[in-house]
Amino acid sequence: MVFLKNTGHIFYDGISCVTENKNAAPRLAKHPMDIDRTGVPKQIFVGSFFGEWNQIRPMLEICKILVERGYNVTLIAPGDLLPSSEYPTINQISTGPSIESDATYQELYQKTFNRKQISGLCKLLVKKYLDYFETYQLAIQMIKPDLFFCNIFIINDICLDIAWSLKKPIVGFSSQMLGTELLFFFISL
């Protein structure tokens, strides 16, 4: 019984010492308005393998906000998507003609998709990887990016591989649900 009395007494003292002022403002640390952002990455490289509007428009909306905040954003994708009236401040480096004009692409997507077409898709990805790799390398030498945004819908190994080899941070982005499992071997950087 003595133990319970002592516990109750300690508990009572603990509560009675707490005073709460509901009208008091919370104590916040005051920071100067001018925050030094000299060490913040400024060059953002946005890579898209297919470069279709339905794939990159959500990513470009994010990039538009980043440009307004002082970042330099460059898109690398096939076709001539930019400059456009919606994204006049985002630059584009083209990897070549639109992928929709590729004969393999047309053959794959004009028919009902089946298991045999998966090998055709793999061949297209390998062919384009080799075609695009040099363009990506040249663009990276010009831009010297600090951060990579890689559209990972279906696959964008070029963007992921180059960012990983340069030990740069990567933001993977997809406007679609991913139907394949991706192995992010570069997470431990």
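Nothing in this text is a laboratory measurement; each read-out follows from the coordinates by a stated rule. Note that this is a predicted model, so its numbers are computed, not measured. A quick note on method: Cβ atoms are made from the backbone with ideal geometry, for glycine too, and the neighbour counts reach across all protein chains shown.
Put simply, when 115-127, 71-83, 132-144 are sorted by average Cβ atoms within 10 angstrom per residue, most first, you get 71-83, 132-144, 115-127. FRET efficiency for the Leu121 to Arg57 pair, using the beta carbon distance and R₀ = 25 Å, is estimated at 0.65.
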